[in-house]
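S.K.: The structure that follows is given in the form of C-alpha cells.
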Amino acid sequence: MELPYQEDLPVHLLAGCFNNTSATYKFYWFLAVLGRVELGETKVLKRDLFAEMVGHAWYTVNYFRVSFGKQDKLQEAIMSIIAFEGLTIDANRNDIFSRLSGSQNKATLKELRYFNGEVPHRFLSPWFSAADTQMAYAASQCFENQCLYALYADHIEINPAWVDYLKRHAGILRNFCYWNLAVYLQAKNPTVPDIPNKLIKLPVRKALTEQRTFWDIVLGELGSADCIYTNKKLVIGNYAVEHFLPYAFVSHDLMWNLIPADRSFNSSKSDKLPSLDKYFQPYFNLQQSALEIIQHKAPKNKFLEDYLTIVPDVSLFERQRVYEQLQPMATIAKNNGFELL
C-alpha cells in the first residue's frame, strides 16, 4: 500500500515509520496524531496523544483479547487503567479520552507518561537518528529533513509543511496505518482469526434476522428443541440466536457457529467459552438435525454455504471432522483469555 506522492514532502520517510517495529506504540501514536490534526490542532499535548493511544487500542485489547506481545506495555497500561479509572471494557473512545486527558489519578498519569520515553522521538527515526533522545529533540525543533513534527517537553508541534497533506489524505493515511498494524498483530497472533476486523469498535453489530429464519425453519419442523445449555424448550418466537464460540473471538456470523438458545442464558453467557467436553455433543446434534432439515426443506438456502468453511461438503458434516475444526479454535480462545462457562 503506497502513500499519495507530494513533490515537496519526503513522503517515503513517513511511509517508513512502521519499519522495524517491536511494539504497537508507533501505530497508535500516528492514529492519535492524525486524529488531532483532523480536529484542527497543530500544537498537541503529549498527554492527549497518549490518552488517544489508549482509546484506539481499548476495544482490541479488552473485547477481542488480541495479544500485543509480551514486551508491549500499552496492553498492560490499558488493563491497569481499567482498574484505576473504573471504565468498562466497551467504553466509548471519546469517553476514554475525556476521562484520561482530565484524570488526576497519579497511577493513571504514570501509565501514560511511560510512553513519552518510547514513541514520540522514535517515530521520527526515518528522518534522523533517534538513538540520542536529546539530539532527536533538537533536530526535530529545526524540522530537520522536513520531519513531521517538533518535540517539546509536554507537547509536539506539527510541521506546517505537513498539515495540509495530513488533512487531505487522512483517510488513506489511517488505512495505511491500520493495514500495517493488522500485519504486525497477525504475526503476533498467527492462529487468531480476522485480525483486521478486530482493530476498531463497530458502531452497531449486525442483527441476526436472516439467520433466525434459518432456525425458524428448523424449529418449525421439529416443533421445539432443547437449549443445549439450560435444557429449556425453544420454540419459534421464543429463543435467541447465539454464537457457540464467542463472537469476540471468531468475529463472524457463520451459521455453523450459530445456534438457538434460551434468551436469558444467552444474555448471561456473554463472551464466555463453552466447554467442548460438556457442550460439543449437544451442539453437534442440533447442527446436524438443522442441516438435514434445511437440505430437505430449503435446499437452496444461502446459509448452507457457511458450513463449507469448516467441511468440504455439507454431507461431510461429521462429528469427528467438526470437532477437529472447533477444538483448536476453542483452545486458542482460552489461551487468549476467554473464560470458560
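S.K.: Please verify whether Lys278 is surrounded by 15 or more Cβ atoms within 10 Å (Cβ to Cβ), out of contact with any Cys (no Cβ under 7 Å at 6 or more places or on another chain) and of a type in the set (Lys, Arg), treating the condition exactly as stated.
M.R.: no
S.K.: Follow-up question, since we're still on this one. Check whether at least one residue in the range 294-303 is under 30 Å from Ser67 (Cα atoms), surrounded by 15 or more Cβ atoms within 10 Å (Cβ to Cβ) and of a type outside the set (Lys, Arg), and report yes or no.
M.R.: Within the range 294-303, none of the residues are under 30 Å from Ser67 (Cα atoms), surrounded by 15 or more Cβ atoms within 10 Å (Cβ to Cβ) and of a type outside the set (Lys, Arg).
Residue-by-condition table, conditions (1) over 24 Å from the mean Cα position of the chain (by Cα); (2) part of a strand (DSSP E or B); (3) outside the structural domain of Leu74 (by TED's automatic domain parsing):
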position	(1), (2), (3)
Glu2	no, no, yes
Gln6	yes, no, yes
Ala15	no, no, no
Ser22	no, no, no
Tyr28	no, no, no
Ala32	no, no, no
Val37	no, no, no
Gly40	yes, no, no
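S.K.: Still on this structure: Look at Ile89 and say whether it is at pLDDT below 95 and either part of a helix (DSSP H, G or I) or not charged (D, E, K, R) (or both).
M.R.: yes
S.K.: Further, regarding this structure: Just to verify a result, which residue in the range 135-186, among those that are of a type in the set (Asp, Glu) and within 23 Å of Arg113 (Cα to Cα), is surrounded by the fewest Cβ atoms within 10 Å (Cβ to Cβ)? So that I can check it myself, show each step before the final result.
M.R.: If we filter the range 135-186 for residues that are of a type in the set (Asp, Glu), which is where we start, we get 144, 154, 157, 164.
Then drop every residue that is not within 23 Å of Arg113 (Cα to Cα), which leaves 154, 157.
Working: Asp154: 8, Glu157: 16.
Once the filter is applied, the top-ranked residue is Asp154.
S.K.: From the set of residues in the range 215-243 that are within 33 Å of the chain's Cα centre (by Cα) and in contact (Cβ under 8 Å) with a residue 60 or more places away in the chain, which is nearest to Glu339 (Cα to Cα)?
M.R.: Tyr229
S.K.: Quick one: would you say Asp253 is touching a residue at least 12 places away in the same chain (Cβ under 8 Å), part of a loop (DSSP other than H, G, I, E, B), out of contact with any Gly (no Cβ under 9 Å at 6 or more places or on another chain) and under 19 Å from Ile217 (Cα atoms)?
M.R.: When the stated conditions are applied, Asp253 passes them.
S.K.: I've got another one for you. Condition test on Leu254, is it surrounded by fewer than 20 Cβ atoms within 10 Å (Cβ to Cβ), in contact with a helix residue (DSSP H, G or I) (Cβ under 8 Å, 6 or more places away or on another chain) and among the aliphatic types (A, V, I, L, M)?
M.R.: So Leu254 passes the test.
S.K.: Is there a residue being without any contact (Cβ under 8 Å) to a residue 40 or more places away in the chain, at positive phi and either assigned by TED's automatic domain parsing to the domain that holds Phe64 or not acidic (Asp, Glu) (or both) anywhere in the range 132-147?
M.R.: The answer is yes; a qualifying residue exists.
S.K.: In the range 263-288, how many residues are over 11 Å from Cys227 (Cα atoms), touching a helix residue (DSSP H, G or I) at 6+ places or on another chain (Cβ under 9 Å) and in contact (Cβ under 8 Å) with a residue 60 or more places away in the chain?
M.R.: Result for the range 263-288: 4.
S.K.: Separate question: Does Arg122 satisfy being modelled with pLDDT of 95 or more and not β-branched (Val, Ile, Thr)?
M.R.: It is true that Arg122 is modelled with pLDDT of 95 or more and not β-branched (Val, Ile, Thr).
The values are calculated or read from the model by the stated rules, or taken from the named source; none is laboratory data. Since the model is a prediction, treat every value here as computed from it, not as a measurement. Here Cβ is always computed from backbone atoms with ideal geometry, including for glycine, and neighbour counts include all displayed protein chains.
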